[in-house]
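The values are calculated or read from the model by the stated rules, or taken from the named source; none is laboratory data. What you see is a predicted model; the values in this text were computed from it and never measured. In this analysis, Cβ positions are derived from the backbone assuming ideal geometry, glycine residues included, and neighbour counts consider all displayed protein chains. Heads up: the accessible areas ignore ligands, DNA and RNA and are worked out on the full protein's heavy atoms, side chains in. Shrake-Rupley method; radii C 1.70, N 1.55, O 1.52, S 1.80 Å.
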Amino acid sequence: MSAVLRDELARIAESLGGAGLNFSLDRPKEAAHGDLATNLAMVLAKAQGANPRALAAKIISALALPPGVIAKTEIAGPGFINFWLAADALTDSIGRIIAAGAHYGRSSGGANRRVNVEFVSANPTGPLHVGHGRGAALGDGIASLLEWTGHAVTREFYINDAGSQIDKLAQSLWARVQQAAGRAAEIPEGGYHGEYLVEAARDLLAVEGAAFADRDLSAGLARCRAFALASQRKEQDQLLRDFGVVFDVHSSEQALYDSGRVEATLRLLAERGLSYEADGAVWLRTTDFGDDKDRVLRKQDGSYTYLAPDIGYHVDKYARGFEHLIDVWGADHHGYIPRMRAVLVALGHPGDSFEVPLVQLVKVVKGGEEVKMSKRAGNFVTLRDLLDDVGTDAARYFFLMRRGDTPFVFDVDLARRQTDENPIYYLQMAHARMSGIFRVAGRDVESVGDRATMEGLPAPQDQELLKALTEFPEVVARAAAEREPHRVTGYLETLARLAHGWYHHCRVLGEAAEVERSRLVLARAARVVLGNGLRLLGLAAPDRM
């Protein structure tokens, strides 16, 4: 029902000169304020300098919904509109939920618009850490939400396989090879000290033989570079697959250089008057975009800064036909966003076609104390360590519980707990309980049909659960529009609480025939929505726990 009402409110907003306005349609905190409430009148009034309560009255009079959807409307406070759903509309919604099944919550508003979601994109210089895990969960969650709302989504990983950090990786591995051969060798300044390179050196010598350590430096470093890149990329890909994240495209920074894309980008910037040469270097006119100083694209020695390939990479995304770019970046890149957007706008791309959700740091706590490092990685907690400790579902869910741009404390003990305190356990148990009703009844889920009556759902808990089920499409649409998967986790936790409460307070089997039948249908619908919400987030929806 909420999706139907939102579409109608959007139509009215457009007719009143507010096309595309971002308004809310949510469940009020207090049941006395109705089943749904919107701030559309206040949003419209702010944009137009009008009286919000007068606009609310106009909106109500313009409603053209099918008969039997809304039982009552009310203007409240400064201009909120509260809606009470009609009883028939509520029970009819059960049939729609069951008929849609695995597609319930999906919509076509994205109109198959091509969206590129780039995330993780970790340097292939060591194991993925928990911060990468949070970025992976957020990026995958955003991509999934966009798919559910009708966008054509490509998940992309950008491999930073060029530059000084890769040189340091090769030098560090060569030092470990020499150490494995019993020789004194130091990790270079700024190199990588983790135990993973000790393992890599052992593996490399197993492939090449002990004589490999005697190669000349140039040949040794070249082989170390190739081997380290391949082994780290293989490990990253496997870990991300174990985390439930699969990328459609992997793009290489080195390939941008090899294909001439970086040089072509510099020529394009020069042609548009966006760069200039000075002091033997090539500079980008970022002060024209509000930056505090111009930035170097190509240094005096002919090497490039990170900015040159980054611009080339984003230009390449547009050239591949993407209409919208979403990059999930660490919060430390915040200042880089307006710079990149301004360059893309100067090159002719719409400013709102590029956006960057940010990911804040993760602190891992176990036994009440912060876990600061991994034995293997040396100076941080790896994502692999976390998955081994709490499992994929708990890790993904916990990363998605909060806004990505806020710091997060990952409580390992809570994530492992098999009690109602653990939100993912509580949520999956709700799905298992809905499934268990049918096992106890000895009936297939499909056999109970898809029709219920209000007479068969007499308890307040029946109706509260049913109302919550109708909100799922709106929650998905809003979460997708805001790029906020945590809206879905928040909804699912509320739904799980209502489902558990209904399970404890409303007997299903052995009740009067109409009550038993209607409640079995309600359990079936709840199972659909809980399952869809879990699967949207890349989580298992177990029938037993």
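Answer with yes or no whether Ala270 is open to solvent by 30 Å² or more (accessible area, probe 1.4 Å), within 32 Å of the chain's Cα centre (by Cα), modelled with pLDDT of 95 or more and of a type in the set (A, V, I, L, M). So Ala270 fails the test.
Here's the yes/no breakdown for (1) of a type in the set (Val, Ile, Thr); (2) more than 33 Å from the chain's Cα centre (by Cα); (3) open to solvent by 50 Å² or more (accessible area, probe 1.4 Å); (4) under 30 Å from Phe322 (Cβ atoms):
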residue: Ala3; (1), (2), (3), (4): no, no, no, yes
residue: Ser24; (1), (2), (3), (4): no, no, no, yes
residue: Asp35; (1), (2), (3), (4): no, no, no, no
residue: Ala41; (1), (2), (3), (4): no, no, no, no
residue: Pro66; (1), (2), (3), (4): no, yes, yes, no
residue: Ile81; (1), (2), (3), (4): yes, no, no, no
residue: Leu90; (1), (2), (3), (4): no, no, no, no
residue: His103; (1), (2), (3), (4): no, no, yes, yes
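Which fully enclosed strands (runs of 3 or more DSSP E) of the stretch 252-310 have 3 or more residues being without any contact (Cβ under 8 Å) to a residue 40 or more places away in the chain, of a type outside the set (D, E, K, R) and in contact with a strand residue (DSSP E or B) (Cβ under 9 Å, 6 or more places away or on another chain)?
Details: elements: 275-278, 281-284, 295-298.
Answer list for the stretch 252-310: 281-284.
Just one of (1) at pLDDT 95 or above; (2) open to solvent by 60 Å² or more (accessible area, probe 1.4 Å) fails for Leu240. It is (2).
With surrounded by 22 or more Cβ atoms within 10 Å (Cβ to Cβ), β-branched (Val, Ile, Thr) and not in a helix (DSSP H, G or I) as the only criterion, which of Val115, Val120 stands out?
Val120
Consider the stretch 346-367 and keep the residues that are more than 20 Å from Met401 (Cβ to Cβ) and open to solvent by 70 Å² or more (accessible area, probe 1.4 Å). The one that is farthest from the chain's Cα centre (by Cα) is Pro350. Here is the figure for the stretch 480-520: residues that are open to solvent by less than 60 Å² (accessible area, probe 1.4 Å) and under 17 Å from the mean Cα position of the chain (by Cα) total 11.
Considering only the stretch 24-37, how many residues are touching a Leu at 6+ places or on another chain (Cβ under 9 Å) and either closer than 17 Å to Ile70 by Cα or modelled with pLDDT of 90 or more (or both)? Show your work before the answer.
Our first condition is that a residue be touching a Leu at 6+ places or on another chain (Cβ under 9 Å); within the stretch 24-37, this holds for 24-28, 34-37.
Add one more test, that the residue is either closer than 17 Å to Ile70 by Cα or modelled with pLDDT of 90 or more (or both), and what stays is 25-28, 34-37.
Total satisfying the criteria: 8.
How many of the residues in the stretch 249-289 are among the polar types (S, T, N, Q) and in contact with a helix residue (DSSP H, G or I) (Cβ under 6 Å, 6 or more places away or on another chain)? First the steps, then the outcome.
As a first pass, look at the stretch 249-289 and keep what is among the polar types (S, T, N, Q): 251-252, 254, 259, 265, 275, 286-287.
After this cut, where a residue has to be in contact with a helix residue (DSSP H, G or I) (Cβ under 6 Å, 6 or more places away or on another chain) as well, the list is 265, 275, 286.
Number of matching residues: 3.
Among the numbered conditions (1) farther than 28 Å from Ile326 by Cβ; (2) open to solvent by less than 30 Å² (accessible area, probe 1.4 Å), the only one that Glu156 does not meet is (1).
Here Val381 meets the list (1) farther than 30 Å from Ala540 by Cβ; (2) surrounded by 14 or more Cβ atoms within 10 Å (Cβ to Cβ); (3) in contact with a helix residue (DSSP H, G or I) (Cβ under 8 Å, 6 or more places away or on another chain) almost entirely, failing just condition (1). For the stretch 38-78, filtering for residues that are part of a loop (DSSP other than H, G, I, E, B), modelled with pLDDT of 90 or more and within 18 Å of Arg27 (Cβ to Cβ) leaves 2.
In this structure, is Ala523 open to solvent by less than 20 Å² (accessible area, probe 1.4 Å), modelled with pLDDT of 95 or more and farther than 30 Å from Ile326 by Cα? When the stated conditions are applied, Ala523 passes them. Applying a threshold of 6 Å to beta carbon distances and a minimum spacing of six or more residues, or different chains, the list of pairs starting in the stretch 406-420 at a residue that is open to solvent by 80 Å² or more (accessible area, probe 1.4 Å) and ending at one that is at pLDDT 95 or above and among the polar types (S, T, N, Q) reads Pro407/Gln360. One residue stands out among those in the stretch 327-345 that are over 23 Å from Phe398 (Cα atoms) and charged (D, E, K, R): the one that is surrounded by the fewest Cβ atoms within 10 Å (Cβ to Cβ), which is Arg339. Inspect all residues belonging to the stretch 443-451 and state whether any of them is aliphatic (A, V, I, L, M) and more than 23 Å from the chain's Cα centre (by Cα). Checked the stretch 443-451: at least one residue is aliphatic (A, V, I, L, M) and more than 23 Å from the chain's Cα centre (by Cα).
Among the residues of the stretch 283-312, count how many are within 37 Å of the chain's Cα centre (by Cα) and more than 15 Å from Gly335 (Cα to Cα).
If we filter the stretch 283-312 for residues that are within 37 Å of the chain's Cα centre (by Cα), which is where we start, we get 283-299, 303-312.
Still in the running and more than 15 Å from Gly335 (Cα to Cα): 283-285, 288, 296-299, 303-305, 308-309, 311-312.
Final tally of qualifying residues: 15.
Would you point out which residue out of Ala71, Ala56 is touching a strand residue (DSSP E or B) at 6+ places or on another chain (Cβ under 6 Å), over 28 Å from Pro357 (Cα atoms) and surrounded by fewer than 21 Cβ atoms within 10 Å (Cβ to Cβ)?
From the options Ala71, Ala56, the qualifying one is Ala71.
Residues that are more than 15 Å from Val381 (Cβ to Cβ), buried (at least 16 other Cβ atoms within 10 Å of the Cβ) and touching a strand residue (DSSP E or B) at 6+ places or on another chain (Cβ under 7 Å) within the stretch 391-405 comprise Arg402, Gly404, listed in sequence order.
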